[in-house]
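Undergrad: The structure follows.
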Amino acid sequence: NLRTSCVPKKLKLNHIVVFLFMFEEHLLITLRWQTANLRILFIFVEIISIMDIRIGNGYDVHALAEGLPLWLGGVQVESPIGCIAHSDGDVAIHALCDALLGALALGDIGKHFPDTSDEFKGIDSKILLARVMELIENEGWYVVNVDITIAMQRPKLAPYIVPMRECLAEIMEISPARVSVKATTTEKLGFVGRSEGCEVYAVALLGREEGLFD
Ligand code: MG
């Protein structure tokens with residue numbers, strides 16, 4: 001039961017004032033006590049479930065080369081070309097991690113998992129995403145939705161979109177309906193169009209319910 005609107009923090013005080021006013025009314029006007037009770041209940045529910053939201057964006061590029069495996073969105077794509085990388089080169093997960101970290105101003109994937117470290121050499125990017133999720137959850141946040149756009153000239157990614165959404169949703173522990181993955185070519189323009197590289201844009205929205213006494 002996620003709320004789609006965000007009530008600014010400053011409204012909290014107004015809510016408390018209204019609550020006190022309603023409470024006074026409740027004491028004084030006994031004839032209307034049932035109505036007043038209901039109104040107090042609704043206002044109190046509003047006070048305890050104020051939602052804070054944060055948005056982040058991520059961007060990543062990897063060069064492509066013949067004969068390397070191609071991982072995108074946690075799924076291996078059948079392809080004669082793959083990403084050159086220190087990790088498994090899952091450029092979609094990297095952009096997504098940057099969007100998630102960006103939403104909380106926690107830096108970027110390079111800061112948390114440096115490509116100079118042997119620990120992350122050839123690492124499955126799904127593990128990196130799971131670690132980013134831990135960081136987010138430790139701060140009390142959850143993912144509302146994400147939207148990822150992969151720009152790649154070839155191969156065709158359409159058959160892999162649903163498996164990518166399902167894979168990412170499972171790691172983030174949300175419904176695939178909250179995970180959008182889109183693929184586009186660049187009409188053979190630029191480095192993407194020449195299949196020299198793959199670039200990914202990602203946006204993530206995070207939410208956190210704030211209680212009255214946070
Ligand atoms: Mg990367």
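Undergrad: In nm, to one decimal, how far is the Glu119 label point from the Glu137 one, both placed 7 Å along Cα→Cβ?
TA: Calculated label separation equals 1.9 nm.
Undergrad: Roughly what % of Cα-Cα distances in segment 154-214 sit above 15 Å, to the whole percent?
TA: Every Cα pair in segment 154-214 considered, those over 15 Å come to 64 percent.
Undergrad: List, largest first, the extents of the alpha carbons of segment 82-179 along their principal axes, each in whole Å.
TA: For segment 82-179, the Cα extents along the three principal axes come out at 37, 34, 18 Å.
Undergrad: Once you have the Cα-Cα distance between Phe191 and Glu170, take 0.36 nm times their residue separation minus that, and quote the gain in nm to one decimal.
TA: 4.3 nm
Undergrad: Additional query: Return the long-range amide H neighbours of Ser195 (sequence gap of 5 or more, or a different chain), with a cut-off of under 5 Å between placed amide H atoms.
TA: Gln153
Undergrad: Using a 1.4 Å probe and ignoring any ligands, DNA or RNA, find the accessible area of Lys111 and quote it in Å² to the nearest 10.
TA: Number for this one is 140 Å².
Undergrad: Please report the projected area of segment 42-112's Cα convex hull averaged over all directions, in nm².
TA: Its Cα hull, projected and averaged over all orientations, spans 6.7 nm².
Undergrad: Moving on to the next point. Obtain the nm distance between the two label points defined at Ala65 and Glu209 by a simple spin-label model: each point lies 7 Å from its Cα along the Cα-to-C-beta direction.
TA: Computed distance between label sites Ala65 and Glu209 equals 5.0 nm.
The values are calculated or read from the model by the stated rules, or taken from the named source; none is laboratory data. A quick note: this is a predicted structure, and the numbers were derived from the prediction, not measured. Because the Cβ atoms are built from the backbone with ideal geometry, glycine has one as well, and the counts that use them run over all protein chains shown. The accessibility values were calculated without ligands, DNA or RNA, using every heavy atom of the protein model including side chains. Shrake-Rupley method; radii C 1.70, N 1.55, O 1.52, S 1.80 Å.
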